[in-house]
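Have a look at the structure below, then the notes.
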Amino acid sequence: MVMRTHDGSAGDVDHHRIGSGYASYRRPDERIAHVIAQALGDAGTVLNVGAGTGSYETAARTITAVEPSLAMRAQRPARLATAIDAVAEDLPFADGEFDASMTLFSVHQWSDAEAGLREMRRVTCGPVVVLTCDPARVRDFWLYEYAPDVLETEARRYPPLDRLTTALGGSTSIQPVPIPLDCTDGFNEAYYGRPELLLDPAARQACSAWSFIDDHARQAFDTSLRRALGSGSWDEAFGHLRNRPTYDGSLVLLRSTP
Ligand SMILES: C[S@@+](CC[C@H](N)C(=O)[O-])C[C@H]1O[C@@H](n2cnc3c(N)ncnc32)[C@H](O)[C@@H]1O
C-alpha cells in the first residue's frame, strides 16, 4: 500500500512542504518538450503520471493527468485538465485505455517504481515514455564537489535504468537528453553553466533532493560555492561550461513499446 501525507503526496517527499515555488522554477523547456513529443509520436490520448503542475502537457493531445499532491495540483494552470488524485502504483483506468503515457521527473519519488511502471504499461496500448536520470551518471556533475550529499541522495533515489526497462517489458530504447544552457526547467543539471542561480534557496527547493539535507549542509554549500565563484576557482575548473550550448548529463528518456 502506498503511504500518503496529509497533502496526498505519495512519494518520498511532502510537496506541501517543498512544492510551493515549483511552477515558477520548473517551467517546461521547449527543447526537452520536443524530445518528449517525438517519443509520444502521433498518440492522441496521453496519460501523464506524476503530472505535477502540468509541465509538458500540450493542447495538441487529449491529456489525462494523475497527480497525488494537492499542493502540486493547485499550481496547475486553469487551461489544463484537472488532475486526478491517484498514484502510479494503482491507476484507476482500464487496460489499454491510452494511446501513450508519460512520466516526467517523477519515477524516483514513487514508493514502488516497478509497480507504477507495470501499471502504466497495463493502461497504455502504445509507447510508455519515462524522463528520468541515470543514477550511474549523477555524480559526474560539478555540483558533486560542492554538495556531495545532494547527489548521493539523487544516486540513491533514481532507480537503475535496467530495473525500469525490466518493469516496462517489451522493447525499450534509452536516449540521452541534452540539456540546453538556458534550460527553463530548473532541475540541478539545468544550472550547469549558470552556477550563481543555485545560490537561490527557492531554486534549490524546486529540486527535491535538497530537502534531504539539513540547513547546516545547505549553508555549507552556499558558503563554499560563493567562495569558489568569488575566488575564480569555479571558473578555472568549470568556466568552459558557461558557453557550452548543451550539456550531456544524467538526463535520459526511455521509450518502451509492448
Ligand atoms: C518533480 S515532480 C515532477 C512533476 C512533473 N511531471 C514535471 O515534469 O514537472 C514529481 C511529481 O511526482 C509525483 N509523485 C510522487 N510519487 C508519486 C506516485 N507514487 N504516483 C504518482 N505521482 C507521484 C509528485 O507528487 C510530484 O508532483
Divide by every residue of the chain the summed helix terms, -39500 (n - 2.57) for each DSSP H run of at least 4, and state the resulting mean residue ellipticity at 222 nm, rounded to the nearest 500 deg cm²/dmol. -8500 deg cm²/dmol
Could you please state, rounded to a whole Å, how far the C-alpha centre of the range 115-143 is from the C-alpha centre of the range 168-197? 13 Å
Go ahead and run the numbers for FRET between ARG226 and ALA74, Cβ-Cβ distance against an R0 of 35 Å, rounding to 0.05. 0.55
Give the whole-number value, in cubic angstrom per residue, of the convex hull volume spanned by the C-alpha atoms of the range 29-116. 102 Å³
Where trypsin sites (Lys or Arg not before Pro) fall in DSSP loop in the range 1-93, at most 12 other Cβ within 10 Å: ARG79
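Computed from the mean reciprocal separation of all distinct C-alpha pairs, what Kirkwood hydrodynamic radius does the chain have, in Å? The partial results should precede the final answer.
Details: mean 1/r = 0.0535 Å⁻¹.
It is 18.7 Å.
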How high is the relative contact order of the range 15-257, in percent, with contacts defined as C-alpha pairs under 8 Å that are six or more residues apart? 23 percent
Within the under-12-Å Cβ sphere about PRO77, not counting PRO77, Lys/Arg +1 and Asp/Glu -1 give a net charge of +3
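Read-outs: derived from the displayed coordinates by stated rules, not from any lab. Here the structure is a predicted model, which means the values were calculated and not measured. Quick reminder, even Gly has a Cβ in these numbers, built from the backbone with ideal geometry, and neighbours come from all protein chains shown.
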